[in-house]
Amino acid sequence: QQASVLLRLSGLKVAYGGIQAVKGVELEVREGELVSLIGANGAGKSTTLKAITGLQPVAMGEVQYLGRSIKGQGAWELVEQGLVMVPEGRGTFTRMTIIENLQMGAYTRRDAEVQADMERVFELFPRLKERARQLAGTMSGGEQQMLAMGRALMARPRVLLLDEPSMGLSPIMVDKIFEVVQDIHRRGVTVLLVEQNASRALQLADRGYVMESGLITLQGPGRQLLADPKVRSAYLGE
Ligand code: ATP
């Protein structure tokens, strides 16, 4: 028996004024999966994520989470339901400390385990613990990515949407970020990962989708896409 579908996009279209950025995307994410969405710069990957979390209006089609339409719902409302995004560019609160940023992530929660979860985030990212009282704006890009991911985990996501977490980072930091993505997934969080680093993203993925000019052009198990000649020539530089 297959795991249940947590997130489903059907016929999703998104436009910026007259420009169609997403032209009818079909995509699903099942419970427990790590799904990667890859594609060139400008293919419409970020726009797809923004449409899921209500940052960009849906022009046509459906976005369903847990079997219900979530069109028009705001980001906070979705966080409360376990659908949490780490945006491109991280969006950390630069004038707040690491601890304050992490506390903001738990903003929608009413339970008493916030402190314990913060300890868990610190285990995942020891660097954040070392810098706990430092202002987020003084940290490196990689550290801020860690913080953004840590903050998202503080909301106890059921589904985590990651927009280009490796972008602009040093090779060592890229390794670290992909390790943590895998770790988060192993701990039971369902992940939709948007990446330009196709090779790394497909290595981790149960399934992958390739996006070109606003449409899904290929999909399949991560390993299968990695071996696909079209993927290899277009995205892996072969
Ligand atoms: P990237 O890796 O650069 O984020 P992407 O695959 O995520 O690429 P999008 O950012 O979703 O692509 O962009 C899809 C298309 O929409 C591109 O043609 C882009 O120029 C356009 N676009 C994105 N944001 C805006 C905006 N705010 N206003 C107008 N056009 C936009």
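The values are calculated or read from the model by the stated rules, or taken from the named source; none is laboratory data. Fair warning: this is a prediction, and the values are worked out from it, not measured in the lab. Surface areas here come from the heavy atoms of the whole protein model, side chains and all, with no ligands, DNA or RNA. Shrake-Rupley method; radii C 1.70, N 1.55, O 1.52, S 1.80 Å.
In terms of modelled amide H atoms, which long-range or inter-chain residues lie less than 5 Å from the amide H of Q20?
Here the answer is none, since no amide H 5 or more places off falls under 5 Å of that of Q20.
Which of K23/K45; K13/K50; K176/K230 have a Cα-Cα distance over 18 Å?
Numbers: K23/K45 11 Å; K13/K50 12 Å; K176/K230 28 Å.
The answer is K176/K230.
Per residue, how much accessible area does the chain have with a 1.4 Å probe, in Å²? Before the final figure, lay out the partial values.
Values: 10970 Å² over 238 residues.
With all protein chains present, the chain gives 46 Å² per residue.
Could you work out the relative contact order of the chain? I mean the mean sequence separation of Cα pairs under 8 Å and 6+ apart, divided by the number of residues, in percent.
Working: 455 pairs, mean separation 64.5, N = 238.
Rounded, it is 27 percent for the chain.
From the helices alone, meaning DSSP H stretches of at least four residues, give me the mean residue ellipticity at 222 nm for the chain, per-run term -39500 (n - 2.57), in deg cm²/dmol to the nearest 500. Before the final figure, lay out the partial values.
Details: 10 runs with 87 residues, N = 238.
That calculation yields -10000 deg cm²/dmol at 222 nm.
Anything in the chain that counts as a DSSP H helix reaching 20 Å or more along its axis (C-alpha) with Kyte-Doolittle mean of at least -1.0? List them, would you? Intermediate values should be presented prior to the final figure.
On the way: long enough: 171-186 (23 Å, 0.22).
Helix filter hits for the chain: 171-186.
Could you work out how far the C-alpha centroid of region 158-181 sits from that of region 184-238, in angstrom?
That distance is 14 Å.
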